[in-house]
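What follows is a set of notes on a single structure, which appears directly below.
The values are calculated or read from the model by the stated rules, or taken from the named source; none is laboratory data. What you see is a predicted model; the values in this text were computed from it and never measured. Positions of Cβ are backbone-derived with ideal geometry, glycine not excepted, and every protein chain shown enters the neighbour counts. Surface areas here come from the heavy atoms of the whole protein model, side chains and all, with no ligands, DNA or RNA. Shrake-Rupley method; radii C 1.70, N 1.55, O 1.52, S 1.80 Å.
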Amino acid sequence: MSGAILEKFSYDNKIVKYFGAATMIWGLAGMLIGLLAALQLFLPEANLGNPYTTYGRIRPLHTNAVIFAFVGNAIFAGIYYSMPRLLKTPMWNKTMSWFHFWGWQIIILSAVITLPLGLTSSKEYAELEWPIDIAITIVWLAFGANMIGTLLKRREKHMYVAIWFYLASFITVAVLHVFNSLALPVSFFKSYSAYAGVQDALVQWWYGHNAVAFFLTTPFLGLMYYFLPKAANRPVYSYKLSIVHFWSLIFLYIWAGPHHLLYTALPEWAQIIGVAFSVMLIAPSWGGMVNGLLTLRGAWDKVRVDPVLKFMVVAVTAYGMSTFEGPLLSLKNVNAIAHYTDWIVAHVHIGALGWNGFLTFSMLYWLWPRMWRTDLYSTKMANTHFWLGTLGILFYALPLYVAALTQSLMWKEFSEAGRLAYPNFLETVIQIIPMYMLRAFGGFLYLSGAILMCYNLIKTAKQGSFLKEEADEAPALAKHVEVKGEFWHRSWERKPVFFSVMATVAILIGGLVEIVPTILVKSNVPTISSVMPYSALELQGRDLYISHGCVGCHSQMIRPFRSETERYGEYSKAGEFVYDRPFLWGSKRTGPDLHRQGGKYPDSWHYHHMIDPQSMSPGSVMPPYSWMNTTMMDHGDVPAKIRTMQRLGVPYPEGYDQLALGDLKIQADMIVANLKESGIEVLPDTEIVAMIAYLQRLGTDIKKTTATNP
């Protein structure tokens with residue numbers, strides 16, 4: 001503006017430095033834990049012989065560390081750097097920025113402590129218990145308030161496309177987190193989900209799929225729209241394409257969660273909706289990829305020499321690959337092959353390692369020299385990191401695709417006699433052990449590259465001088481005068497509150513259409529008269545099963561395929577899960593499905609299988625749970641658990657909370673007596689007794705009758 005008075009201000013680089021450093025620290029920790037988990041899939045002894053580092057407990061620790069600690073801190077570093085510069089103003093409240101930083105690190109630290117201890121809700125990507133969920137909500141709202149406050153005091157009239165994605169991410173993650181985390185506490189670190197069975201599964205994967213969408217995708221698209229043009233020194237290819245990309249993506253994504261539950265007990269109409277919207281997602285997703293890659297027009301010569309652009313190109317390409325593969329996996333005929341196999345693991349890691357990891361690396365390589373006012377310490381080292389990371393992704397993903405095809409073909413193969421060709425599940429596991437070894441090697445390469453980057457950036461910082469406050473100046477935001485014929489979206493970009501409301505409406509429609517009928521319309525979950533609540537001891541055993549993360553390897557959902565019913569028994573019905581809080585359908589079969597496990601083997605078989613799995617299943621990669629034989633369970637909270645379940649609608653008899661401990665003792669003594677007949681001496685309060693009680697209950701109700709109530 002001609003003659004406008006320039007106002008002086010500065011950007012806070014210190015908060016960016018802290019979030020960036022946290023990204024590197026937690027990234028290395030998360031990847032190292034992931035490598036330990038990968039080793040256990042072919043070397044179960046790598047669990048170090050204690051309950052805290054078993055695969056079932058460190059897998060959720062790995063996913064939380066890489067998603068919320070590594071990727072989360074990267075998102076915040078990128079937003080705290082880019083948003084003030086795009087809006088020509090410092091962040092609204094510096095104290096709130098630091099509250100956000102330290103609050104987030106404390107939350108991550110609480111996950112590091114609680115998850116190995118088995119304090120978990122068992123919901124994928126949302127395993128943390130209710131006090132931590134509340135803390136997440138508070139810190140996330142502080143982050144959002146800081147963003148919105150910055151928008152309201154901006155000096156730049158229009159919101160750039162990156163900010164659209166930041167806003168949508170904040171709004172949607174807040175909605176997802178709050179509704180998925182609704183639970184009724186039993187104690188400070190124990191709660192039961194507000195939803196049960198089919199409803200819990202739908203809400204969880206509405207959350208789970210969209211946590212991937214609005215935590216791992218949309219904020220990173222915002223970062224792409226800022227850092228890619230900066231690194232390439234080119235404008236974004238198409239403003240109009242970015243509009244179509246943004247609005248269609250946030251509207252369609254929220255509907256796609258049910259594609260994680262195809263062929264399960266979820267109502268068919270919900271599965272169909274999930275498939276339809278998942279297929280439609282290809283268009284906006286590839287629109288974003290095209291917009292990113294075509295931004296590099298005229299700058300491809302730089303890609304050859306600039307490691308930052310190398311990482312960005314592979315990141316955007318990985319985004320395109322994973323967002324093509326996701327809709328492909330949502331097709332029912334493909335899902336029938338891929339679900340519960342390592343294909344899903346490969347698919348997730350193409351996105352996580354390629355899209356999130358490489359874009360984070362490129363952003364850090366771009367930021368560090370600028371904040372320390374120097375050149376990158378070693379371009380050669382950065383290029384070495386690029387090739388280590390790329391090879392790591394290939395060695396990680398390609399063997400898992402081979403493993404997935406092996407799993408599916410062997411699980412579904414029938415002999416000429418009409419029987420399963422490979423009836424023993426372990427025959428498949430043994431075949432794919434070499435693939436798991438290659439996968440771990442790929443993870444090692446990727447981790448090595450990340451270590452190299454950290455060294456490079458530390459040396460870069462040491463040779464430079466950190467710019468704590470970066471000065472800038474801009475005219476104050478002038479009062480806008482309506483321009484006749486102005487493009488409608490340009491008008492929206494001047495109204496952050498209105499823009500946020502429209503984004504909220506766009507993301508709420510799909511969730512409401514899917515979830516409300518599933519919860520309120522009873523015909524979606526036909527009841528089965530023979531299905532009864534868990535006994536007190538079975539409930540304790542189920543909580544122990546959850547605590548040890550057994551759902552990470554075993555599903556409890558038999559799909560209506562001949563290969564599965566021949567192997568496991570009668571397919572699973574919606575009404576069987578009405579008292580399951582949380583649901584335990586699982587998403588990966590490293591071991592066989594357990595839904596019809598009850599009564600299949602004597603108590604002594606389960607005892608030996610838990611204490612020494614290979615004694616019952618030669619070749620098993622399940623670690624021994626030998627401590628269950630001696631570790632005593634505290635049953636003092638059983639009455640509180642029963643009362644909590646009653647408040648949630650589970651029909652325990654009135655006053656059962658006072659009788660539960662007596663009922664528990666009777667059942668425990670029966671199991672102890674059964675074991676004694678087989679020459680096994682155990683005390684009734686040991687963990688192994690409760691675990692046996694739960695495993696022997698699984699799937700037994702449906703055998704009595706399948707008649708449904710009107």
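Before moving on, here are some points about what is shown:
- Placing one equal scatterer on every Cα of the stretch 587-710 and applying the Debye formula, the log10 ratio I(q)/I(0) at q = 0.12, 0.14 Å⁻¹ is -0.57, -0.76.
- Candidates per chymotrypsin sites (Phe, Trp or Tyr not before Pro) in the stretch 17-55, loop by DSSP, up to 11 other Cβ within 10 Å: none
- Where the alpha-carbon atoms of the stretch 95-169 are placed on the principal axes, they occupy 50, 26, 15 Å, in descending order.
- Heavy-atom SASA rank of Phe466, Phe425 (probe 1.4 Å, accessible area, largest first): Phe466, Phe425
- In the frame of its principal axes, the stretch 352-414 has Cα extents of 66, 19, 8 Å, reported largest first.
- Rolling a 1.4 Å probe across all protein chains gives Tyr455 an accessible area of roughly 110 Å².
- Calculated log₁₀ intensity ratio I(q)/I(0) where the Debye formula runs over C-alpha points of the stretch 319-449, q = 0.19, 0.21 Å⁻¹: -1.06, -1.18
- A Cβ-based charge dipole, computed about the Cα centre of the chain with Lys and Arg at +1 and Asp and Glu at -1, lands at about 2680 debye.
- One entry in (1) 26.9; (2) 27.8; (3) 25.2 is Kirkwood radius over Cα pairs in Å calculated from the shown coordinates; its label is (1).
- Farthest toward the positive end of the dipole of the chain, out of Phe499, Leu36, Ile433, is the Cα of Phe499, where the dipole comes from beta carbon charges about the Cα centre.
- Cα gyration tensor shape of the stretch 550-634, rounded if a/c is under 1.5, else prolate or oblate by comparing a/b with b/c: prolate
- Nearest-20 debye value, the stretch 294-451 charge dipole, Cβ charges on Lys, Arg, Asp, Glu: 520
- Given their separation in residues at 0.36 nm each and the Cα-Cα distance between them, Asn674 and Leu405 gain 92.7 nm when the chain is fully extended.
- Rounded accessible area of Leu659 (nearest 10 Å², 1.4 Å probe): 110
- Proximal lysines to Lys153, defined as alpha-carbon separation beneath 23 angstrom and excluding residues fewer than eight positions away on the same chain: Lys8, Lys14, Lys88, Lys94, Lys468, Lys479, Lys495
- Contour minus Cα-Cα distance for Asn333 and Leu512 (0.36 nm per residue): 61.7 nm
- Think of the chain as having a plus end and a minus end, set by charges on the Cβ of Lys, Arg, Asp and Glu; of His606, Val178, Leu508, Leu508 sits farthest toward the positive end of this dipole.
- The stretch 242-384 - Kirkwood radius from inverse mean 1/r over Cα pairs (Å): 17.0
- Sites Ala276 and Thr527, calculated FRET efficiency, Cβ-Cβ separation with R0 30 Å, nearest 0.05: 0.55
- Cα-centred dipole magnitude for the stretch 363-471, charges only on beta-carbon of K, R (+1) and D, E (-1), debye, nearest 20: 440
- Ala4 versus Phe466: modelled label distance in nm, points set 7 Å from Cα along the beta carbon direction: 3.3
- Here Lys310 is the anchor, and the aspartates and glutamates within straight C-alpha reach of less than 12 Å, apart from those fewer than 8 places off in the same chain, are Asp301.
- Most to least accessible of Lys123, Lys462, Lys88 (protein chains only, probe 1.4 Å): Lys462, Lys88, Lys123
- Backbone phi angles across the stretch 567-575, fed through the Karplus curve with coefficients 6.51, -1.76 and 1.60 (θ = phi - 60°), yield HN-Hα couplings of 7, 10, x, 3, 5, 6, 10, 4, x Hz in residue order; Gly and Pro are listed as x.
- Where labels lie 7 Å past Cα in the beta-carbon direction, separation of Lys495 and Trp387 in nm: 5.5
- Sparse-neighbourhood loop sites, chymotrypsin sites (Phe, Trp or Tyr not before Pro) in the stretch 144-188 - DSSP loop, at most 13 other Cβ within 10 angstrom: Phe188
- Formal net charge of residues neighbouring Gln463 (Cβ-Cβ distance under 13 Å; K, R +1; D, E -1): +2
- Restricting the trypsin sites (Lys or Arg not before Pro) of the stretch 350-380 to loop positions (DSSP other than H, G, I, E, B) with no more than 12 neighbouring Cβ atoms within 10 Å leaves Arg373.
- Partner aspartates and glutamates for Lys459 [C-alpha distance under 13 Å; skip if fewer than 8 residues away on the same chain]: Asp375
- Binned Cα-Cα distance frequencies in the stretch 414-565 - 10 Å width, integer %: 6, 11, 16, 18, 22, 15, 9, 2, 0
- Charge context of Val290, other residues only, Cβ under 13 angstrom, K/R +1, D/E -1: +2
- Cβ-based charge dipole, the chain, positive-most Cα from Leu675, Met453, Met159: Met159
- Dividing the summed -39500 (n - 2.57) terms of all DSSP H runs of n ≥ 4 by the residue count of the chain sets its mean residue ellipticity at 222 nm at -19500 deg cm²/dmol.
- Computed accessible area, Phe189, all protein chains, 1.4 angstrom probe, square angstrom: 70
- For the stretch 163-202: rounded, prolate or oblate by the Cα gyration tensor [a/c cutoff 1.5]: oblate
- Members of Lys17/Lys230; Lys573/Lys676; Lys17/Lys190; Lys157/Lys462 lying beyond 30 Å, as alpha-carbon distances in this model show: Lys573/Lys676; Lys17/Lys190; Lys157/Lys462
- Packing order of peptides 207-219, 390-402, 94-106, 126-138, highest average first: 207-219, 390-402, 126-138, 94-106 (average count of other Cβ atoms within 10 Å over each peptide's residues).
- Prolate/oblate/rounded call for the stretch 393-483, Cα gyration tensor, a/c under 1.5 rounded: oblate
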